[in-house]
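For reference, the structure is listed below as structure tokens.
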Amino acid sequence: MRVRVLLAGLAAACCCAAVQAAGEHQRRLAAELVVMAGDARRLAAGAGGPLEREGLVQRVNGALSSLPLLLRRADGDARPVAALRASLARGDWRAFAATLAPLKQRHTFDAHSLLDTAPTPAMLALGASIHRTTCAGCHDAAGGDTLLPAFDLSRQLKSMPREEFAARLLLGVRGDRTTAWRNPFSDAELAALIAWYASAR
């Protein structure tokens with residue numbers, strides 16, 4: 001009897017872990033699609049200098065490399081990736097965005113937990129502390145035309161849809177081998193960081 005109870009408990013735990021993992025795959029996929037759409041929008045608008053644009057193209061190319069795996073893990077259809085790659089090769093950002101749009105609709109990024117919390121003084125203090133200890137070293141310096149500019153994050157938040165900014169923070173830093181790292185923060189910490197950037201002058 002005890003063995004049966006133990007096996008049932010293990011099965012339930014495995015099931016819960018699988019559901020949680022599937023949810024995280026879906027969330028990362030949805031965030032990646034939002035970021036890719038934002039990068040394509042900047043490229044279509046001719047934003048940034050030549051080096052920054054080259055960096056954006058490299059970032060989109062890197063995202064496309066992992067997109068089929070993200071789609072499979074989230075039970076999505078990877079067939080549109082070929083059309084996205086063809087648009088990238090041609091530099092046709094409007095076609096790229098048009099192919100990406102249905103994927104974004106199918107895999108919606110839910111940013112409510114990161115954006116819809118009314119900021120408290122404690123939350124703003126936490127956001128300021130995270131920025132000071134983790135982000136300021138790169139993002140408080142003036143950025144020029146580089147492959148991987150580290151923008152002022154408060155200004156960046158005000159320059160793009162809040163959902164896109166939240167997706168970028170969720171996915172982590174997209175730098176080179178010395179600066180790239182996955183987001184180490186909880187949703188509550190990211191929400192505090194976003195609230196602080198929104199309140200910063």
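Bear in mind that the values in this text are calculations on the coordinates, not laboratory data. On a predicted model such as this, the values are computed, not experimentally measured, just so you know. Cβ coordinates were reconstructed from backbone atoms using ideal geometry, including for glycine residues, and neighbour counts include every protein chain displayed.
At full extension, Ser199 and Arg155 could sit 14.8 nm farther apart than now, given 0.36 nm per residue minus the alpha carbon distance. Placing pseudo-labels 7 Å out from each Cα toward the beta carbon at Ala122 and Asp110 gives an inter-label distance of 2.5 nm.
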